[in-house]
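See structure below.
The values are calculated or read from the model by the stated rules, or taken from the named source; none is laboratory data. Values in this document were obtained by computation on a predicted structure and should not be read as measured data. Methodologically, a virtual Cβ is constructed for each residue, glycine included, from the backbone with ideal geometry; neighbour enumeration extends over all protein chains shown.
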Amino acid sequence: MRNRKLTLFSTLIVASILLIGCNPTEEVNVIGEIDGVGRKLNLVDTYKTMFTTDMETFDYLATYHSVDSEVLVNLVDGLIEYDVYGILRPSLAERWEVSEDKKVYTFYLRDANWVDFEGNVYDEVTADDFVAGMQHLLDAEGGLEYLLWGVIDNAYEYSLGLITDFSQVGVKAVDEKTLEYHLVDSIPYFLTYLTYNPFLPLHREFFISKGGAFGKTEWSAAKDNCSFGVVGQPSSILYNGAYLMAGYTTQSEIKLVANKNYWDADTVKVKTVKYVFDDGSNTSQTFEDFIKGTYSGMGISNTILETAKSRIPDNLYVADTTAVTFYGAWNLNRKNYQVGSAVSIKKDNEQMKEDTRTAILNKSFRKAVQFAWDRAAFNAQQKGEDLKNSGLRSTLVAPEFVFISDEYTDDTGRNYEAGTIYGDLVEAELKRLDPKFDGNLKDNNDGLYNPERARLFREAAKTELGGLVTFPIHIDIVYYAPNQIQSKQALSFKNNIEEVLGTDFIVVDLMAASTVDDYNNSGYRAETGEQANFDFFWGSGWGPDYGDPLTFLSIFAYGADMMSVIGITFQNDEEADADDIAAYNAVLGDYQTLLDEAAAEINDMTKRFVLFAKLEAYFIDQAVAINFLTQGGNYAATRVIPRTVPYTLFGTDNEKLKHLKVAKEILTLEEINKFKAEWATERERQLNALD
C-alpha cells in the first residue's frame with residue numbers, strides 16, 4: 001500500500017472520526033489567530049487523531065503497514081520532503097546534484113541532530129546513517145526491500161545473498177555530510193522514492209547498542225534478542241524528526257510531543273499530538289463529543305448523517321479523495337478456516353471447501369461476482385445515499401495518477417492524444433480485451449456494475465464448472481461485528497450478490513468477528529497466504545510510495561506484498577507450494593511478463609504508461625481483485641485548517657503534522673472553501689517561482 005499496506009477498517013473509522021482534536025478537559029493553549037469568514041479563528045497547540053489498529057513495530061525500516069508509518073514518519077526525517085504545496089523541498093539534505101547520465105545522485109546534508117525520547121541530543125546526523133539504514137532494511141526483510149531492487153545498484157544481489165559485502169551496494173558515505181546513491185539505471189521519478197521509509201537513516205552505534213547487527217546472517221542470529229524499535233518502548237529508537245514518542249498504550253492512546261531540538265522547529269505549530277483508539281462502535285457519542293469540542297474533526301458516516309445535517313448544516317463538507325485504492329480480493333488457495341474463538345466458520349465439510357476453491361479459480365465465476373457487486377449500494381452504507389458514488393474507484397492505479405505527455409500510437413494502430421490520463425488508457429485496453437465492456441473507469445462511477453452481464457457470466461460458470469462442483473458455492477466474508485458500518489456493508493454485499501446471482505448459484509456466509517484482533521488477523525495482518533482466513537476480503541488497500549504506476553502494479557507480482565491477500569505464499573518458484581504456483585498461474589499467468597515489459601521501459605514514459613495500462617486492463621479482466629473505493633469522499637466537519645499538511649499523492653509525507661494548524665472553532669463550509677482557494681492561489685505562485 002504505502003509499499004503501504006492499508007486497512008479499510010481504518011477508513012471506515014475515519015468516516016466516524018476523521019481528524020480528532022482538542023479535549024476541553026486538558027490544557028490546550030491558544031497560540032494565535034487566523035482570519036475566518038466574518039470572524040477570527042483561534043489556533044491551538046494540540047491535535048488528536050485516531051487509530052483503529054495497534055502498531056506492530058517502531059522499527060521504521062522493517063514495516064510496510066500504514067498503521068506504523070503514519071506515526072513513525074513524524075519521528076524520523078529523510079533527505080527531502082514535500083511541502084504543503086506539493087513541491088519537493090530539502091529536509092536533512094540541504095541540496096543535491098545529479099550526474100550527467102542520471103545514475104548517481106549526490107546529497108549534501110545539513111547540520112541536524114539525533115535525540116533520545118526525552119529530547120536530549122545524542123549525536124549528529126551523518127551520511128553513514130543512511131548507509132546503515134539501507135543495510136538494515138535489506139537485512140530485516142520487513143516488506144520494503146523489493147522497492148530497492150532494480151533501483152539501487154546491487155541491492156537485489158545483496159538481498160538474494162549473491163553478494164555479502166554491503167560496500168558493493170550503491171549507497172556511499174563520501175564523507176560525514178556527503179551521500180551518494182548509485183542507480184542500476186536512470187529513473188526519472190527517483191526523487192519521489194526518497195519520501196518513503198527505505199531511504200530513512202539509522203544511527204549505526206545506537207542500533208548495535210540495542211543488540212542489532214549488520215549482515216543478513218548476523219541479523220538473523222541477533223534479531224530475536226534485539227531491542228531496537230520495540231513497539232511500546234519510546235526509548236528503543238532515536239529521533240531526528242518533528243516529534244518524539246512520549247507514550248504508547250495498546251488500544252488506548254499514542255502521544256507525541258514536539259522535538260525542541262528539531263532542525264526545522266519553527267514550522268511545528270502543534271506541540272502535542274494524540275492518537276486515540278476507537279473501533280467505531282458508538283458514532284453517536286463521538287458526534288456529541290465533537291460538538292462539545294472534544295475532537296477537532298469528524299467524518300460524518302451514514303449512521304449520524306441526518307443528525308449532523310440538522311445540527312451543523314453550515315459546517316459539513318465533502319472530504320478530499322486520495323490515491324489510495326481498496327479492493328476486494330479472492331483467496332485463490334485457502335488453507336485457514338479459523339480465526340479466533342469468536343468467528344463462526346460456515347464451511348463444515350471438505351467438499352464444500354474444495355467446491356469453493358475450484359469455483360474461485362474459474363474466471364467466469366469471478367467475473368459474475370465482479371459485475372454483480374453494486375459498489376454504490378455498498379458505499380452508501382458508509383456515506384449515505386446522496387454520496388453513494390463518491391470515492392468509488394474501478395482501477396488499482398488512480399485514474400489521474402499519471403498521464404501521457406506525448407501523442408502515442410501503439411502496435412495495434414490505436415492512437416492516444418497527449419494529455420490522456422492513465423484511467424482512459426486502461427479503459428481503452430479493457431475494451432480491447434472485452435469488447436462488450438461498456439463501463440466508465442473514472443472515479444466516482446460504478447463502472448463495473450452490470451447485473452445483466454453478471455448473470456451471463458453466471459451461466460458460463462455453471463457450464464464450465466458442471467460436474468466439478470455442487471452449487472451453490474459458499475463464500476465466507478469476515479467482518480468486524482461491533483462496527484456499525486462494517487455490519488451494514490457486509491449485509492449489503494450478501495443481499496446484493498445473492499439477489500443478482502441467486503442463492504442456487506452462490507451463498508454469502510457472513511463470519512462475525514467480535515474483536516479487532518480477530519478481524520485483522522483474518523486478512524490485514526495475515527503475513528502469508530496460509531494465514532488468510534476468508535474467501536473474499538475487502539479489508540485491504542494500497543497507497544502509492546512513489547510517482548509511477550509500478551508502485552501499485554508490482555504488488556501482485558511473484559513474491560510481492562499482496563500475495564497474502566490472494567491466498568498465495570511464495571517468494572520464488574523454488575520455495576512455493578505447488579498448489580500456490582498452480583493457482584497463481586491459473587488466474588494471473590501473464591501478469592509477470594506484462595509487468596516486466598512495462599517496468600523495463602524507462603526511456604519513453606508515454607510508452608511505459610501505456611504498457612502499464614495494458615497490464616492493469618489484464619488484471620481487471622481477470623477479476624482476481626475488484627477495485628471499489630478510495631479514501632475520502634465522505635461528509636465531514638473539522639477544526640483543522642485545510643491544506644496544512646504536505647500535499648502529495650504518494651509516499652508518507654502527507655502524514656507529517658509539522659505544518660498542521662488546528663482551530664478551536666468548527667470551520668464553516670465557506671471558511672473551508674476560502675482556505676482552499678487561498679492555498680490554490682499561493683500554490684500557483686510557488687510553482688511559477690520554480691520556472
Task: Residue identified as crowded, with 22+ Cβ neighbours inside 10 Å, out of contact with any Phe, Trp or Tyr (no Cβ under 8 Å at 6 or more places or on another chain) and closer than 27 Å to ASN520 by Cβ among ASN533, ASN634 - done: ASN634
- [ ] Tell me, please, whether a residue that is farther than 30 Å from ASP411 by Cβ and in a helix (DSSP H, G or I) can be found in the stretch 538-561.
- [x] yes
TODO: Filter the stretch 218-237 for residues that are acidic (Asp, Glu) and either farther than 18 Å from GLU205 by Cα or outside the structural domain of TYR122 (by TED's automatic domain parsing) (or both) and give the result.
DONE: ASP224
Task: Single condition GLN251 does not satisfy, out of (1) assigned by TED's automatic domain parsing to the domain that holds PHE117; (2) part of a loop (DSSP other than H, G, I, E, B); (3) within 26 Å of the chain's Cα centre (by Cα); (4) not small (Gly, Ala, Ser) - done: (1)
Task: Subset of the stretch 358-381 that is among the charged types (D, E, K, R) and closer than 14 Å to ASP446 by Cβ - its residue that is surrounded by the most Cβ atoms within 10 Å (Cβ to Cβ) - done: ARG375
Task: Every pair of residues 6+ apart whose Cβ atoms lie under 7 Å, when the first sits in the stretch 511-530 and is among the aliphatic types (A, V, I, L, M) while the second is assigned to a helix (DSSP H, G or I) - done: ALA513/TYR519; ALA513/SER522; ALA526/SER564
Task: Selection within the stretch 457-471 - farther than 14 Å from ASP504 by Cβ and assigned to a helix (DSSP H, G or I) - done: PHE457, ALA460, THR463, GLU464
Open item on the list: Quick check on the stretch 476-529: of everything there that is among the hydroxyl-bearing types (Ser, Thr, Tyr) and part of a helix (DSSP H, G or I), which residue is farthest from GLU385 (Cα to Cα)?
Closed with: SER522
- [ ] Run ASN113 past the list (1) surrounded by fewer than 23 Cβ atoms within 10 Å (Cβ to Cβ); (2) under 22 Å from MET245 (Cα atoms); (3) at pLDDT below 95 and report the number of the one that doesn't hold.
- [x] (3)
- [ ] Quick one: which strands (runs of 3 or more DSSP E) lie wholly within the stretch 44-139 and hold at least 3 residues that are closer than 23 Å to ILE187 by Cα and not assigned by TED's automatic domain parsing to the domain that holds LYS676?
- [x] 80-82, 88-90, 93-98, 104-109
Open item on the list: Checking the conditions here, which among LYS462, LYS494 is within 30 Å of the chain's Cα centre (by Cα), modelled with pLDDT of 90 or more, surrounded by fewer than 24 Cβ atoms within 10 Å (Cβ to Cβ) and charged (D, E, K, R)?
Closed with: LYS494
TODO: Report, by residue number, each residue of the stretch 193-231 that is within 25 Å of the chain's Cα centre (by Cα) and either not hydrophobic (A, V, I, L, M, F, W, C) or not in a loop (DSSP other than H, G, I, E, B) (or both).
DONE: TYR193, THR195, TYR196, ASN197, PRO198, PHE199, PRO201, GLY229
Open item on the list: Taking the condition of being surrounded by 22 or more Cβ atoms within 10 Å (Cβ to Cβ), over 19 Å from the mean Cα position of the chain (by Cα) and of a type outside the set (Lys, Arg), how many residues in the stretch 637-659 meet it?
Closed with: 4
